[in-house]
Amino acid sequence: MREIIQAVRGMNDLLPGDSAAWQSLERAARETFAEYGYREIRVPVLERTELFKRSIGEFTDIVEKEMYTFLDRGDDSLTLRPEATAGIVRACLSNGLLHNQRQKLWCMGPMFRYERPQKGRYRQFHQIDVEALGFEGPDVDAELILMSARLWRRLGIGGVSLQLNSLGTPESRTTYRGKLVEYFRRHESSLDEDSRRRLEGNPMRILDSKNPAMREVVAGAPLITDHLDPASAEHFDRLRSQLDDAGLAFTVNPRLVRGLDYYSRTVFEWITSDLGSQDAVCSGGRYDGLVAQLGGEPVPAIGWALGEERVVELMRLQGRADAEPTVDVYLALAGTAAERAGLQLAERLRDALPGLRIETNCGGGSFKSQLKRADRSGARLAVILGDDELARGVATLKPLRETTEQRPVPLDELPGALTAAGVTAGRGPH
């Protein structure tokens, strides 16, 4: 017997019994985004490596350690996307979507990073991304954050809290960067290896260190909110006022810097204590310089992304994950003529009751084994069609979850009988 090939480490199968919660999340996201006027965009999972080097930054862990990069047969360096924003911006530039236009977009799909697999963090993971391009003021920042809050309410998720910060402009960050380097050089003996390396390339990433031994030295570092340029400070004040006016609670976290180099001004995260160390479930911010960085004219932009695996796990922990959809009706077939007629009967029922989930017995089997399958399917009702019933133009309607008696029903009256028995098309039994 040949050895069974296993999945690649960190790339997990989504099994049918788990898909309902994912569908619930994605359906809620689509409905929420439509209510705010955001449109779907789909971009490739494979991009030129240079796209991510120019956007994410040479000195980030993503580019240095985590990207799946390879040379194709034409010796072009390609990378499986580690995040979606850069690809969306590239698509907008490639297709002229930013020429005298503003865009409100969303997408969802798999991303890839070579990380140590753990709960809530996988090498293939899935994100839902929202991006607004061409909007300069803090009103769109507030809208995007309020939209994420509405999504939590729609999903019934509680216990998530919002953290805000502002990174200022590249110019004000240059001033802050100098003060940060000066501070960390005075404490260089306390820095770990990664932090010493980042000190030369991107010292702000030191503030994002997860090393507990670094906690004290990071806590004493200068605060970026004390070094904002006047325009960024005003932008941040107006954003906070708009969130206050909307009644949305938040905490200003001056240590929140985000892991990608392209962020500027507003950054934010939704965090939870329910997922252990993987506490961020949705993160985002402004990236006003990214479009120009990728070759376009300067365009202000902001977006956020949520990790589907983490949100689905949070839904499960809070009892908000939908159960696997069950079959409404199981069609059992006994006899050669009934088997031939069964598929056509099932199609007529689906035509009459759009959305009806009806499973037709396929592959034969005894009447007893078919009823066992009907029970395992979760269906509330079985429709039994044998050669004798077919000859008389009837089928037997058999309740599977109640003690009421089975009864014959004329074939042309089956849709009405199913509805009367409590099977509502598209919603299952009630």
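For residues that are part of a loop (DSSP other than H, G, I, E, B) and either under 29 Å from I62 (Cα atoms) or in contact with a strand residue (DSSP E or B) (Cβ under 8 Å, 6 or more places away or on another chain) (or both), tally how many sit in the range 233-269. Talk me through it step by step, then tell me what you get.
Of the residues in the range 233-269, the ones part of a loop (DSSP other than H, G, I, E, B) are 246-250, 253-263.
Now restrict to residues that are either under 29 Å from I62 (Cα atoms) or in contact with a strand residue (DSSP E or B) (Cβ under 8 Å, 6 or more places away or on another chain) (or both): 248-250, 253-263.
Number of matching residues: 14.
When you check L164 against the structure, is it buried (at least 21 other Cβ atoms within 10 Å of the Cβ), closer than 26 Å to K104 by Cα, hydrophobic (A, V, I, L, M, F, W, C) and out of contact with any Pro (no Cβ under 8 Å at 6 or more places or on another chain), yes or no? Criteria met by L164.
Residues of the range 198-237 that are basic (K, R) and surrounded by 14 or more Cβ atoms within 10 Å (Cβ to Cβ): R198, R205. S189 passes every criterion in (1) at pLDDT 95 or above; (2) surrounded by fewer than 18 Cβ atoms within 10 Å (Cβ to Cβ); (3) assigned to a helix (DSSP H, G or I) apart from (1).
Suppose we keep only residues that are outside any loop (DSSP other than H, G, I, E, B) and of a type in the set (D, E) within the range 192-210. Which one would you say is farthest from G57 (Cα to Cα)?
Our first condition is that a residue be outside any loop (DSSP other than H, G, I, E, B); within the range 192-210, this holds for 193-201, 203-208.
Okay, now just the ones that are also of a type in the set (D, E), so 193-194, 200, 208.
Numbers: E193: 19, D194: 16, E200: 13, D208: 15 Å.
Applying the filter and picking the extreme gives E193.
Residues in the range 15-51 that are charged (D, E, K, R), assigned to a helix (DSSP H, G or I), within 15 Å of the chain's Cα centre (by Cα) and within 24 Å of D139 (Cβ to Cβ): R30, E31.
Which of the following residues is assigned by TED's automatic domain parsing to the domain that holds R116, touching a residue at least 24 places away in the same chain (Cβ under 8 Å) and among the hydrophobic types (A, V, I, L, M, F, W, C): A249, A221? Going through A249, A221 in turn, just one is assigned by TED's automatic domain parsing to the domain that holds R116, touching a residue at least 24 places away in the same chain (Cβ under 8 Å) and among the hydrophobic types (A, V, I, L, M, F, W, C): A249. Annotation note: Cβ proximity below 7 Å between a residue of the range 121-137 that is touching a residue at least 24 places away in the same chain (Cβ under 8 Å) and a residue that is assigned to a strand (DSSP E or B) and basic (K, R) (sequence gap 6+ or interchain) occurs for A132/K104. Being loosely packed, with under 15 Cβ neighbours inside 10 Å and at pLDDT below 95 holds for only one residue in E66, E58, and it is E58. Does R286 meet the test of being buried (at least 21 other Cβ atoms within 10 Å of the Cβ), among the charged types (D, E, K, R) and more than 24 Å from Y122 (Cβ to Cβ)? Spelling it out, R286 is indeed buried (at least 21 other Cβ atoms within 10 Å of the Cβ), among the charged types (D, E, K, R) and more than 24 Å from Y122 (Cβ to Cβ).
For the range 379-407, what are the residues that are in a strand (DSSP E or B) and farther than 14 Å from E359 by Cβ? Those that are in a strand (DSSP E or B) and farther than 14 Å from E359 by Cβ: G386, V394, A395, T396, L397, K398, P399, R407.
Going through (1) closer than 20 Å to T175 by Cα; (2) among the small types (G, A, S); (3) free of Cβ contacts under 8 Å to residues at least 24 places away in the same chain; (4) exposed (fewer than 15 other Cβ atoms within 10 Å of the Cβ) one by one, S195 falls short only on (4).
Filtered by the rule that a residue be surrounded by fewer than 19 Cβ atoms within 10 Å (Cβ to Cβ), part of a strand (DSSP E or B) and at pLDDT 90 or above, the range 110-126 gives P110, Q124.
Does A213 satisfy being of a type in the set (A, V, I, L, M, F, W, C) and part of a helix (DSSP H, G or I)? Let's see the steps before the verdict.
On the way: of a type in the set (A, V, I, L, M, F, W, C): yes; part of a helix (DSSP H, G or I): yes.
Criteria met by A213.
How many residues does the range 304-350 contain that are of a type in the set (A, V, I, L, M) and not in a helix (DSSP H, G or I)?
Taking the range 304-350 as the starting set, the residues that turn out to be of a type in the set (A, V, I, L, M) are 305-306, 311-312, 314-315, 317, 321, 323, 327, 329, 331-334, 337-338, 341, 343, 345-346, 349.
Pick out the ones that are also not in a helix (DSSP H, G or I) and you get 305-306, 321, 323, 327, 329, 331-334.
Here the count works out to 10.
For the condition more than 20 Å from the chain's Cα centre (by Cα), assigned to a helix (DSSP H, G or I) and more than 23 Å from V291 (Cα to Cα), what is the one hit in V140, V181?
Values: V140 fails: more than 23 Å from V291 (Cα to Cα).
V181 is the lone residue from the list that is more than 20 Å from the chain's Cα centre (by Cα), assigned to a helix (DSSP H, G or I) and more than 23 Å from V291 (Cα to Cα).
The values are calculated or read from the model by the stated rules, or taken from the named source; none is laboratory data. Note that the structure is a prediction, hence the values are computed from the model and not measured. We place every Cβ from the backbone using ideal geometry, glycine too, and count neighbours over all the protein chains shown.
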